[in-house]
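Below is one structure, written out as C-alpha cells, with a few remarks after it.
The values are calculated or read from the model by the stated rules, or taken from the named source; none is laboratory data. Worth saying up front: this structure is predicted, and the values here are computed from it rather than measured. Cβ placement follows ideal geometry from the backbone for every residue including glycine, while neighbour counts extend to all protein chains displayed.
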Amino acid sequence: MDEDKVLKLKAFLEQLPESMARQLLTAVELDRVAGGAGLPHDVLLDGLRPHAVCAEDQVRRTPTPMRLFCDPFEDLLIPVRNGAKQPGLIARESLMPIWDWLAGDLMPALHREQCENLTNAILQSDQEKIGSVATELQTAGASAIARALEGADDGSAKRAELVAQLGSEDILADAVDMAHVLQIAPVINKVRKVMHKPVPRVSKELAHFLRKAVGAVPESSLQSLPYLFVVAMRRLERPWEILQTRAAVADRGEDLLEIGAKFAIVVELLFSELEAKVATLTALDPQSFDPETTVSNLSDVGRLIHGLSGEMESLRDAIVNDRLNTARESVGETLQMIFERIPKQIRHAMPFQAAGSYAARTTKRPDLTRKPNEKTMERARQLGIFMRDSRPASGIADVGNHHAEAYDQILEGLNAYREGLLSEMRSIESGDVIHNARAYLDMSVELTAILVSEGEAHILRRKAAQVRRSDQAANF
C-alpha cells in the first residue's frame, strides 16, 4: 500500500466512533492471531491505536501470544528510553528484538509450539488454557534467557556476541530484567490481579498480602524478589509508599538496613524520577519559562520530595538522604530566581507614566495612553496562577519566604496600580483611553481574584462600577 493511501486510511480510522473502532480493533487482532493474510494488519492497528490508549481499552485488547508473554512485566514498560538503561524499566522498543531472539535462537521449536497452542486457545476463548499455556511460555522464556546469559559477563566474548544479536547492550539488559520478572511470573501475576492500579495507599491488608507474596517466591528465585517490589510500586498512586512495606516483608531478625538491599532498585527508580524532574526545573529560563508546565512539574517534584522525606528518615542511609537534600536545594535555588523576577514581569503588563518601584506609588500614574498588550497581559495571568499554585512546593523546597515576599510585592503593585487607575478614570474623556482603562482594570481585578479571592475581586468590581456610574466618568 503506497504512503498516500496509508495516510488516508489512518485518517479515516482515527475518525471512527469509539464503539465501532473497538469492534474493528478486535476483529483485526483476531485475524492476525489466526494467521490471516488478506489484511494489512500493521497499518490497521497503527491507525486504530488512538482508540486503545486508555486503561479501559487496554483491558479489552485481544490477547496475542506476545502480549500474554509480556503481561508480568507490563508495569515495567516505558514508551521511550531517555538516557541510560535503568534496572527495573524496560523500553518497549526492546520487546520485538527479544521476542524474535526467543523465537529464532533460544527456543524456536518450543516457542512455535506454545504460540500455536495459545493462538488456538485464544480463538476458542478457552481462558483456562490461555492462562496455563501463557505461564508455560513465560517460564520457558525466563529459563531460555537465563541459559543464554550464562558466562556472558561484562567484557566477555559471549556478551559481545549477544549484544550483536540483539542490537545493543541496553536491549540485553532489558532481557535480564524480563527474565527476573518471568522467573517469578506466577507470584507477579497474583500481585497484579490484587493491586488494581492506581492503588490509593498502602494499607495493613496490602502489606500483609505482599508479605505472603514474598513468601511465595521460590528459594531459587530470591534474586528476582526486588522486581516484585518494582511491580507493586508501579501500581501505587503514591509510589514511594512501597517503602512502608519494608518492615512487614522483612524476615525474622532482618533489620531495615538488611531489607533495604531488596528495595535498592525501587529507591533508585524513585530518585531517578525525582532527579530527572529536578533537572528539567533547573534548566528553566526564569524569564521565559512556561508557567503551566512548570507548576505541574513542581507539583510532581513536591509530592516526591515530601513522600520520600518521610520514608528516608527510617532508612538511615546517608547517601540517599544527601541526594534528597541536593534535590530540595536545587529546586529551591530555581524557585528563588523565578520568584525574584515575577513581580517585575507582572508589573510590565501595567504601564506607568514614570519609571520606579511600587513603593513610589505617589509619584506615578497609570499610562492609559498605551494600548494593552494582550501577550504581556496573558503572561501576567499565567504568572499569577503560577504564584498561587506554587506555594506548597515553595514550602517543601524551603523557599517559602521568597514566595511570600514576591506575593506581597505583586499585591502591593496591584493595589497601587488599581487605585491610580480608579483615580484617573474619573476624568477620562477619550474613547481610546476609556477602552485601555477598562482592559487594565479588568486585568488587575482578575489577578486579584487569582491571588487573593473571588470575594475580594467582587468588592473591587463593585467599586469600579461606582466610578463608572459617576458623572466624571459618564462615558463608561
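Can you find even one residue in region 209-224 that is surrounded by fewer than 19 Cβ atoms within 10 Å (Cβ to Cβ), over 30 Å from G141 (Cβ atoms) and not polar (S, T, N, Q)? Among the residues of region 209-224, not one is surrounded by fewer than 19 Cβ atoms within 10 Å (Cβ to Cβ), over 30 Å from G141 (Cβ atoms) and not polar (S, T, N, Q), which makes the answer no.
Of all the listed residues (D251, D290), the sole one being surrounded by fewer than 20 Cβ atoms within 10 Å (Cβ to Cβ) and over 30 Å from F339 (Cα atoms) is D251.
Counting only residues that are surrounded by 15 or more Cβ atoms within 10 Å (Cβ to Cβ) and of a type in the set (D, E), region 368-382 holds 0 of them.
Quick check, is I145 surrounded by 22 or more Cβ atoms within 10 Å (Cβ to Cβ) and over 29 Å from the mean Cα position of the chain (by Cα)? In short, yes. In this structure, does L149 turn out to be within 11 Å of P65 (Cβ to Cβ) and modelled with pLDDT under 95? So L149 fails the test.
Filtering V267, V199 for residues that are surrounded by 20 or more Cβ atoms within 10 Å (Cβ to Cβ) and under 27 Å from the mean Cα position of the chain (by Cα) leaves a single hit, V267. Looking for something modelled with pLDDT under 75 and farther than 24 Å from P343 by Cβ - is there at least one such residue anywhere in region 445-466? Yes, because at least one residue in region 445-466 is modelled with pLDDT under 75 and farther than 24 Å from P343 by Cβ. Exactly one residue out of S296, S272 is without any contact (Cβ under 8 Å) to a residue 12 or more places away in the chain and out of contact with any Lys or Arg (no Cβ under 9 Å at 6 or more places or on another chain): that is S296. R201: of a type outside the set (G, A, S), under 22 Å from M233 (Cα atoms) and in contact with a strand residue (DSSP E or B) (Cβ under 9 Å, 6 or more places away or on another chain), yes or no? For R201, the condition - of a type outside the set (G, A, S), under 22 Å from M233 (Cα atoms) and in contact with a strand residue (DSSP E or B) (Cβ under 9 Å, 6 or more places away or on another chain) - is met.
Could you say whether any residue in region 66-85 is at pLDDT below 75, under 29 Å from the mean Cα position of the chain (by Cα) and of a type in the set (D, E)? Checked against the condition, which is being at pLDDT below 75, under 29 Å from the mean Cα position of the chain (by Cα) and of a type in the set (D, E), region 66-85 yields no hits at all.
Considering region 246-322, the qualifying helices (runs of 4 or more DSSP H), each wholly inside and each with 3 or more residues that are modelled with pLDDT of 90 or more and within 30 Å of I385 (Cα to Cα), run over 264-282, 291-315. Looking at L441, is it within 17 Å of R370 (Cα to Cα) and crowded, with 17+ Cβ neighbours inside 10 Å? Spelling it out, L441 is indeed within 17 Å of R370 (Cα to Cα) and crowded, with 17+ Cβ neighbours inside 10 Å. For region 441-455, a residue qualifies if it is β-branched (V, I, T) and within 10 Å of R388 (Cα to Cα), and the qualifying residues are I450, V452. Exactly one residue out of S224, S220 is assigned to a helix (DSSP H, G or I), more than 23 Å from A91 (Cβ to Cβ) and among the small types (G, A, S): that is S220.
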